[in-house]
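The values are calculated or read from the model by the stated rules, or taken from the named source; none is laboratory data. The structure presented is a predicted model; accordingly, all values stated were derived computationally and were not measured. Note that we place each Cβ from the backbone using ideal geometry, even for glycine, and neighbour counts take in every protein chain shown.
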Amino acid sequence: MQDLLEFITLAYKKLSAQNIVLVYLLIKIVFCATGGLIVTYIHSKFSYKWLRNNFNIYVGIVLPVIGLVITTVIGTNIALSIGMIGALSIVRFRTPIRTPYELVHYFGLLTIGISAKVDLSITVVLVIFISALPYFIRRFSLINKNSSGGDGKLSLNFQGLMTEDDLKEIIKEKSIKNYSVKNQDEKLNISGSAIFNDAKEKDSFLKDWSSKINSYNVDLDEKN
């Protein structure tokens, strides 16, 4: 162990200031990628299962790193920051943000990277806070459900690509309350909401339409 510490100390002394900055940046990149992955995985365990697909895992890892790299490159260069703002202003999501949660999730991942540029301790606190929040929200929701005598209903917002025949079938579901349809290539992009009396009804609906629904989120309705 002592030999290892002596080796690390010797290697550190031989590094130039520029190399030390580079090594520190690489550590921050690994830290941001890990933090984003942890947040994405934990949130996927709390009614956000759509975060487990490869696309969202990739976003969870890369988005914090992008935030870190952008803030590192800009630094204190005012001219570069103004140019970066102009460049980023023309960048937009080709896929629309459908829920407030999805927007907050992306901003949270970006903030992990931005905070890592300033202080890693802030990033640690942020990752812990964002990761723990779904647990306490679910806990609070269950308390409300129990206190309301079990009359609370589950509200599900969903989005998916379907054929015209699929659309005719899904709107026959009694749980569907409203929906909107947009043409996308040869299929229909449907966004809608459904109300269920309990989790069993919700799980049955998702099981029947799992191949058609790309993303969804579940909330607990207040008692009428």
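Here are some notes:
- Test: residue in region 105-117 that is modelled with pLDDT of 85 or more, crowded, with 16+ Cβ neighbours inside 10 Å and over 20 Å from the mean Cα position of the chain (by Cα): yes
- Residue in region 139-150 that is modelled with pLDDT of 70 or more, more than 23 Å from Trp209 (Cα to Cα) and in a helix (DSSP H, G or I) present: yes
- Hey, Gly67 modelled with pLDDT under 90, in contact with a Gly (Cβ under 7 Å, 6 or more places away or on another chain) and not assigned by TED's automatic domain parsing to the domain that holds Ser210 or not: yes
- Residue satisfying all of: in region 197-222; of a type in the set (Phe, Trp, Tyr) and within 25 Å of Leu103 (Cα to Cα); modelled with the lowest pLDDT among these: Tyr216
- Filter pass, Ser180 being in a strand (DSSP E or B) and at pLDDT below 80: no
- The number of residues in region 33-47 that are in a loop (DSSP other than H, G, I, E, B) and within 12 Å of Ile128 (Cα to Cα) comes to 0.
- Residue satisfying all of: in region 168-197; exposed (fewer than 13 other Cβ atoms within 10 Å of the Cβ) and basic (Lys, Arg); nearest to Ser211 (Cα to Cα) among these: Lys168
- When residues of region 31-81 are limited to those that are within 22 Å of Arg138 (Cα to Cα) and among the hydroxyl-bearing types (Ser, Thr, Tyr), the one surrounded by the most Cβ atoms within 10 Å (Cβ to Cβ): Thr40
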